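Heads up, the thing below is written out as C-alpha cells.
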Amino acid sequence: MLTKTMISRTMHLMALALALPACTPEASPALSLVVFGDDLPESEAVVGSVIETLEGDDGASLTFIDLGDGDVAVMEGRPAGRPSALAKARAEDATPLELYVAARGHDPAALTRLQLHHEQVAELSPRPLKIGPTESLAPPNLNEEGYHDLSGYCNVLSWDSQWSGDLGPLSAHDATDFYTQEDLPAALYFAPGSTNNSQTWIGACVAHQGSGAYDDKTLTIQKLVSGTWSNVAGEAWLLDASTYNNVYTFYASSLAGARYRGRLSVEWGGCETTGCSYIEPSFGWGLAWTPVPPIGGG
C-alpha cells in the first residue's frame, strides 16, 4: 500500500493503474449508512460566522468558520489535481489554529478565536502547540512533486480511492458516490449516518470541462440545530466546471457531537429545467465520519 508521504509523487502511476480495464470501481462499504434526506425542516437561518479565508496564488483556499457553539470548522477549496493540505494537516493531528498558523494566517482576532478552540481541544488531551513547516497554498514545485494531472481525480475511476485513501485512516467510516455526465434535477442531500459525530468530513467535486456555460454545482453545508437543518456560514461554495478549482472539503470536530450534511444543487437550473445541448459535467460527493461513542461504551 502506498504511504501518505508518497501519494503526491506517485499520483501519475496511480492514475495509470486505475485506468486499466481490470479496475472496476466498487461501492463504498459505508454507503448503506449514508442518509439521503429526511423529514426534518430546513431553516433560512445561518449557523456561525466566517473567521477568515486564506487564499493561495493558484486559487486554493482555507476558510475558518466559528460554528457558534465552541466548535470550529474548516472548508478547503482546491484543484482536484493537487493534494489536500487539510487532510495532510489532520493526519498529523493539527488543530484549526495550527493549520491557520501553518498557512501563514496572522489576523489577531482570528488567532484569538482559534487559540480558544485549541485550548478547549487540549483540555481533553493536553499537548504542546504543534507548528511545523508552513503549509503553502501556492502552486507546488512540479520539478519536485510527481503529480501534474490537471484534470485531477474527479472521475469515476479515482474519486472513491482518493477520498478513502486520504480520509479513511482518519475516520471510522467513509463513503462516496460519483455521477458520470448525469443531470441533477433536484438538490441532493447526503449525511454521514443518523447519529451525532465527533469528526465530520463532507466533500464534493465537479469534473473540469473547460470554459463555457456549464451546469455548475453549489455545495452547502448544513448543521442540525434543535431539530432543524440550518446552513453553515459561508453557505454557497461554487463547484465551477470551467476551472481547475473544483473540489471542496469541509471538516468539523465537535467536542459534544453534532450532525452535519451536504447539499448539492445546480447553479442555474440544469438541463432538466432550462434545456441545453452540452454534456453534463460529472460530479461526486464524499463523506467521512466518526460517531460519538455511546454512553457506557456499548
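Each value in this text was obtained by applying a stated rule to the coordinates, not by laboratory testing. What you see is a predicted model, and the numbers here were worked out from it, not measured in a lab. We place every Cβ from the backbone using ideal geometry, glycine too, and count neighbours over all the protein chains shown.
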task: Rank-order 171-182, 153-164 by packing density, defined as the average count of other C-beta atoms within 10 Å over each peptide's residues, highest first.
output: 153-164, 171-182
- prompt: Given labels modelled 7 Å from the Cα in the Cβ direction, how far is it in nm from THR228 to ASP183?
  reply: 3.4
The stretch 31-115: trypsin sites (Lys or Arg not before Pro) in DSSP coil with no more than 13 other Cβ atoms inside 10 Å: ARG104
field: Sum of side-chain charges, GLY284 neighbourhood, beta-carbon under 11 Å (Lys, Arg +1; Asp, Glu -1)
entry: -2
query: Under 5 Å between amide H atoms, partner at least 5 residues away or on a different chain: which partners does VAL232 have, H built in plane at 1.01 Å?
result: VAL47, ILE221, GLN222, LYS223
